[in-house]
Amino acid sequence: MFCQHCGARVPDDAKFCTKCGTPLRSAAPQPVPQPVVIASEKVPVNPVNSYSDQTHATPKSKAPMAALVTIAAAVFIIGIAGLVTGGFGLFDSTQVTTVEEQPADTASEAETPVEPEAPVTPSSITIDLNRTSDYQELNVFITSFCELASGFNVQDHFNRDEELSVPQQQDLILFMQRHMSYNANPYLEDVDASDPMAELGYTKRVDINYFNSLMSRYVGLTFTDQQLTTGGSEVRDGWYYYIDNEGTSYPIQNVAVVTSVTDQGNNRYEVAFDVYKPTTSRIPAEISQDTLGLPLTDMLDALGASSDVVYSGTAIVDARYDDDGNLAFTLYQMGA
């Protein structure tokens, strides 16, 4: 310690200055700056638990003496650490993490708003199976997809809004080739022997624009020249060439008979149908379309078909009028 009068250094237990003899003040130890006193019963040890229990307050109990001593020691040690680091930063109210009430996550808790469905426009084209012309046109259209021996048929899945795989594209293309051949399409030509494409084995050709217009009318799709070029077909100089299996015997053709139609609005209809098998092998061109407008029993008799249903199916079609004002259909979906 030091003398308050002359400033000389003297032993801590001296009562008089050894240099000037001045009586010394009490040698009691200087107080150590204390940290901000925060009563233990007012500062929760776990702020999170304290916050969560605010609405369920319980009577406070007196802590055991050992716990109080432990808390006091901890406060003292933290206070000393605060001095060493230059202050009471550990108890600085600006640094104490507190739990505040957070706003509810409205994005997760609130119900997701449901987008209103687009209004359905009532169909302006009505279909009545009791009307012979409507019944016949639907039967002819659906039969087109079940009368062929190869290519797309009513047992395949199709949805115009879905991306088609390469095999699906090729099935649709093959379907249209067979459809034109089996129905003796007047726009389909034989490849002349003088045509260079004849040397490559191609036997039929049709204007590429007409072919795509036919695809659009039946399934609402068109194909690029590259998609139409396969192992047995090719686009050249505005013509679509393909190899027709000349001499291949025609198998027994199936016939579809529509049993119900359900209006889905916007001139789109769901169609249910049954498929029957004629007992004689005839190409579609040999079956009059009028036959498919007859009542079921008469139709089966005219076709020589059994009354047993081979299989049943569903399709969704878009109703429209063709250039001549006649009712026509475009396939939207086949199967589930």
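The values are calculated or read from the model by the stated rules, or taken from the named source; none is laboratory data. For clarity, every value in this text was computed on a predicted model and none was experimentally measured. Here the Cβ is made from the backbone with ideal geometry for all residues, glycine too, and neighbour counts use every protein chain on show. When the accessible area is computed, the model is the full protein with side chains, heavy atoms only, and any ligands, DNA or RNA have been set aside. Shrake-Rupley method; radii C 1.70, N 1.55, O 1.52, S 1.80 Å.
A few comments on the model shown:
- Gyration tensor (alpha-carbon) shape descriptor, the stretch 121-195, a/c threshold 1.5: oblate
- Value of Rg to Rh for the stretch 237-336, rounded to two decimals, is 1.03; Kirkwood radius and Rg both from alpha-carbon coordinates.
- Zone residues, the stretch 259-278, relative to S123, backbone N less than 16 Å from point 7 Å out along Cα-to-Cβ: 259-273
- Shape category assigned to the stretch 183-246 from the gyration tensor of Cα positions, a/c cut at 1.5: prolate
- Apportionment of accessible area to carbon and sulfur, the stretch 160-238, percent (1.4 Å): 44 percent
- The slack between Y187 and R236, meaning 0.36 nm per residue of separation minus the straight C-alpha distance, is 16.0 nm.
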